[in-house]
Every structure is written in C-alpha cells, then in structure tokens.
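The values are calculated or read from the model by the stated rules, or taken from the named source; none is laboratory data. What you see is a predicted model; the values in this text were computed from it and never measured. Backbone-built Cβ (ideal geometry, glycine too); neighbour counts: all protein chains shown.
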Amino acid sequence: MTYPELHGPDFALTSWRMGRDEFAAGQPAALVQVAYCIHQCMSVELNVGEIKGGALIEWNLVYGGFERRFN
C-alpha cells in the first residue's frame with residue numbers, strides 16, 4: 001500500500017484538468033496526480049517540449065512543499 005493511496009487514470013485525468021482550469025496558480029500543469037490522501041498528493045512529471053519528465057513528486061495541497069521522491 002502506498003501513501004498517499006494510488007487512484008485510477010480517470011481520477012488522474014480529472015484532477016489534472018481541474019488543476020489546469022481552476023487552480024493554475026497553485027498546481028503545475030506539468031504534473032499528473034496519481035495518488036491522494038488528505039491533501040497529500042503524489043504526482044508524475046510530464047514531458048514538456050524537449051524536457052523529459054518522469055520524476056515522482058510528493059506535495060501538499062495546503063502547504064505546498066514539492067519534494068522529488070524518485071527520479
């Protein structure tokens with residue numbers, strides 16, 4: 001079991017779209033959330049142009065504090 005808990009691709013896409021459309025100032029568009037539990041998020045970094053993504057980032061919706069957990 002992971003913490004935060006993993007969720008499915010439908011929730012991930014919905015969360016990404018909501019972050020892009022409603023919370024653009026607080027959530028980077030280059031991250032897709034793959035896990036969530038009580039404001040604690042785990043996201044995967046997307047490729048953006050020539051910059052390769054793939055890092056696993058943990059962060060908090062309230063306090064921020066992005067931390068790279070896996071390259």
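Of everything in the stretch 27-54, what is touching a strand residue (DSSP E or B) at 6+ places or on another chain (Cβ under 8 Å) and surrounded by fewer than 12 Cβ atoms within 10 Å (Cβ to Cβ)? Give them in sequence order.
His39, Gly54
Farther than 14 Å from Pro4 by Cβ, of a type outside the set (Lys, Arg) and without any contact (Cβ under 8 Å) to a residue 60 or more places away in the chain, is that true of Leu46?
yes
Give the stretch 3-25 a look and list any residue that's in contact with a strand residue (DSSP E or B) (Cβ under 8 Å, 6 or more places away or on another chain) and under 20 Å from Gly64 (Cα atoms), or say none.
Listed by number, the residues that qualify are Tyr3, Pro4, Glu5, Leu6, Ala12, Ser15, Trp16, Gly19.
Filter the stretch 13-34 down to residues that are under 18 Å from Glu58 (Cα atoms) and of a type in the set (S, T, N, Q) and give me whichever is modelled with the highest pLDDT.
Ranking the qualifying residues of the stretch 13-34, first place goes to Gln33.
Of the residues in the stretch 26-59, how many are part of a strand (DSSP E or B) and not hydrophobic (A, V, I, L, M, F, W, C)?
6
Every residue in the stretch 1-25 that is touching a residue at least 12 places away in the same chain (Cβ under 8 Å), surrounded by 10 or more Cβ atoms within 10 Å (Cβ to Cβ) and in a loop (DSSP other than H, G, I, E, B), please.
Within the stretch 1-25, Tyr3, Pro4, Glu5, His7 meet the criteria.
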